[in-house]
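Asker: The structure that follows is given in the form of structure tokens.
The values are calculated or read from the model by the stated rules, or taken from the named source; none is laboratory data. Quick caveat: nothing in here was measured; it's all calculated off a predicted structure. Cβ placement follows ideal geometry from the backbone for every residue including glycine, while neighbour counts extend to all protein chains displayed. The accessibility values were calculated without ligands, DNA or RNA, using every heavy atom of the protein model including side chains. Shrake-Rupley method; radii C 1.70, N 1.55, O 1.52, S 1.80 Å.
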Amino acid sequence: MTPLVTAAVLVAAVTHAGWNAIAHRITDKLVGFTLIAGGGALIGLALVPFVPFPAAEAWPYLIASAVIHVAYYVLLMRSFRLGDFGQAYPIARGTAPLVVTLLAALFAHEVPDGWAAAGIAVSCTGLTGVALWGLRGSRPNWAAIVAALATGLTIAAYTVVDGLGVRASGSSLAYIAWLMAVEGVAVPAYALYRWRGELLAVLRPYAGVGLLGAALSVAAYGLVLWAQTQAELAPVAALRESSVKSGSCGNNFAGQKPE
């Protein structure tokens, strides 16, 4: 991984931690993810006229990723509702690089060398250590942990699918624009069904911070997608998850039960 790619992924990690902190601050998680996903869709649609159309080979990956991302949002919101997810969330992010390594070896024929494998192992161990530290002196919330593991599997799945898709697309900017436009409508559509005529009134108090979170989310994942065209998938995934260490500690997720 070149210094430029490493820097891009580290910036993405910090940006990712930023939008996660914003999402955590919004008490109603459906409100938060509606604004972030919907804002991402608006950003994607705004970019579409200015980017090339992704190659035909990329569209099966793009559609599959959109479906997986919806499952990710559903599991993430459920995990927040279960409580103590701040303790289990590092498990989700720590599981993902390990699974990405296996999937990338199987589908992308990318087998990390000794140093890369060691780095991935250190990252996963560190993230798991954050989770174990949060669980000290308390009884594990197994429902939240199971949800976190399921969330980690979706993270790994969309990471590999998007890595293959963006490489086939011909343009990382086109891929992120269309991905945001396609995936971003599902959560707002559900929110519209749930709240019907009250949707704007429910969203308005958090609109500014939510749309900021959307911009950070698109920027973070756009950088990751570009990095996946320049380096192997597993090291990029492991480096990206460094955001969880700062996010978990900086926002004091451990022990907080979302309302």
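Asker: May I ask for the net charge around residue 236, where only other residues with Cβ less than 13 Å from the Cβ of residue 236 are counted and Lys, Arg are +1 while Asp, Glu are -1?
Answerer: Summing Lys/Arg as +1 and Asp/Glu as -1 gives -2.
Asker: In the chain, which whole DSSP H runs stretch at least 24 Å along their own axis (Cα) and average 1.6 or higher on the Kyte-Doolittle scale?
Answerer: 29-47
Asker: Let me spell out the model: positive unit charges on the Cβ of Lys and Arg, negative unit charges on the Cβ of Asp and Glu, origin at the Cα centre of the chain. What dipole size does that give, in debye rounded to 20?
Answerer: Here the size comes out at about 740 debye.
Asker: Sort 154-163, 112-121 by packing, meaning the average of other beta carbons within 10 Å per residue, with the highest value first.
Answerer: Ranked by mean Cβ neighbours within 10 Å, highest first: 154-163, 112-121.
Asker: Computed from these coordinates, which is volume of the Cα convex hull per residue in Å³: (i) 138; (ii) 116; (iii) 177?
Answerer: Computed from the coordinates, volume of the Cα convex hull per residue in Å³ corresponds to (ii).
Asker: Here's something else I'd like to know. For the peptides 226-239, 34-47, 60-73, 3-16, what is the packing order when you average, over each peptide's residues, the other Cβ atoms within 10 Å and list the highest mean first?
Answerer: Ranking, from highest mean packing down: 226-239, 34-47, 60-73, 3-16.
Asker: How much area per residue is accessible in region 3-244 when the probe is 1.4 Å and only protein heavy atoms are counted (Å²)?
Answerer: 43 Å²
Asker: Something else now. Return a whole-number percent for the relative contact order of the chain, with Cα pairs under 8 Å and 6 or more residues apart as the contact set.
Answerer: Answer for the chain is 46 percent.
Asker: Considering the options 39, 15, 202, tell which one lies farthest towards the positive end of the dipole of the chain, charges being +1 on Lys and Arg and -1 on Asp and Glu at the Cβ, about the Cα centre.
Answerer: 202
Asker: 7 Å from Cα along Cα→Cβ at both residue 192 and residue 78: what's the point-to-point distance in nm?
Answerer: Here the modelled spin labels are 2.5 nm apart.
Asker: Cα centroid distance between region 153-185 and region 8-82, in Å?
Answerer: For region 153-185 versus region 8-82, the Cα centre distance is 10 Å.
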